[in-house]
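Structure first, then comments.
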Amino acid sequence: MTLMHRTLGIALLVASGVTSLHAYERVQGPTQLIYWDSSQTYNGYTLFGAQGNTYLIDMQGNVVHTWPLGVNPRLLPNGDLLDATSGNISGFPGFTELDWNGNTVWQYTEARSGYSPHNDFLRIYNPKLGTNTTLYIANKSINYNQCIAAGCNPANSPYTNVTVDAIVEVNSAGNVIWEWCFFDHGCQNYDSGKSNYVSSISSAPGRIDLNLAGRPLTNDWLH
């Protein structure tokens, strides 16, 4: 046997071993766990969504619990699961909260025209209300007339399909109790007749120039 043949044989054996290892991890081994050094890590659990289900696994990769929902899940302090109802993290209609047994205990749909929740959300305790609320990011549609009324220069853009980010807070009854939007905190030095006019953009720290050079309002502005 030549050296080349020996080398090829060893390579095939190694490749076969790697394939077997991955096959073991997928079929028999601890779910999603490839390596764990208990001396270098804190003990705990990992939560993730995959193919429409959520999995809670321990440090050894054993499945501790599952829920029939898995878009971008969050485990709440009371053991419930809060997640987007459907879709993906780039856009979804609302939220569903499931208890430990998978029963729906709360559901919210963003029914307002022009709003689309996406990416991030958080369950918080609102001390002013003395109860829990849910915060989420949403794309908010802004039409041409609203752009012009806010002092946007019509020469910069046709201002069609404009969306900007907003932070929305809803209570357990599904009512919007607070909202903050980039568009409402903009300024401009183009139209002095508008209430958000400033003589110099630099004189308005903490506010965004709605006529930002090279970045006119458009779809998913400021992403």
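Could you look at the chain and say what percent of its accessible area is carbon and sulfur, using a 1.4 Å probe and all protein chains? Intermediate values should be presented prior to the final figure.
Details: 7280 of 13500 Å².
Accessible surface attributable to carbon and sulfur in the chain totals 54 percent.
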| said: Could you work out [θ]222 nm for the chain from helices alone, using -39500 (n - 2.57) per DSSP H run of at least four and dividing by all its residues? Round to the nearest 500 deg cm²/dmol. | reply: -4500 deg cm²/dmol
| field | Partnerless Cys - the chain, beta-carbon criterion under 4.7 Å | value | Cys181, Cys187
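Select from the range 99-190 those trypsin sites (Lys or Arg not before Pro) which occupy a DSSP coil region and have at most 12 other Cβ atoms within 10 Å, ordered by residue number.
Taking the range 99-190 and a limit of 12 other Cβ atoms within 10 Å, the loop trypsin sites (Lys or Arg not before Pro) found are Arg112, Lys128.
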| remark: Note: probe point = Cα of Leu222 + 7 Å toward Cβ; backbone nitrogen < 15 Å; residues of the range 131-161 passing the test are 137-142, 147, 150-152
| query | What are the semi-axes of the equivalent ellipsoid of the chain, taken as the square roots of 5 times the eigenvalues of the Cα gyration tensor, listed largest first and rounded to whole Å? | reply | 47, 28, 16
| Roughly what angle does helix 3-27 make with the longest principal axis of the chain, taking Cα atoms, 0 to 90 degrees, to the nearest 10? | 60
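In percent, what relative contact order does the chain have, based on Cα pairs under 8 Å that are 6 or more apart in sequence? All intermediate terms of the calculation are to be shown ahead of the outcome.
Working: 390 pairs, mean separation 21.8, N = 223.
The value is 10 percent.
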| Range of Cα positions in the range 83-135 per principal axis (Å), largest first | 30, 30, 18
| Any idea of the accessible area per residue across the chain, 1.4 Å probe, to the nearest Å²? | 61
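The values are calculated or read from the model by the stated rules, or taken from the named source; none is laboratory data. Since this is a predicted model, take the numbers as computed values, not measurements. In this analysis, Cβ positions are derived from the backbone assuming ideal geometry, glycine residues included, and neighbour counts consider all displayed protein chains. Surface accessibility is based on the protein's heavy atoms, side chains included, excluding ligands, DNA and RNA. Shrake-Rupley method; radii C 1.70, N 1.55, O 1.52, S 1.80 Å.
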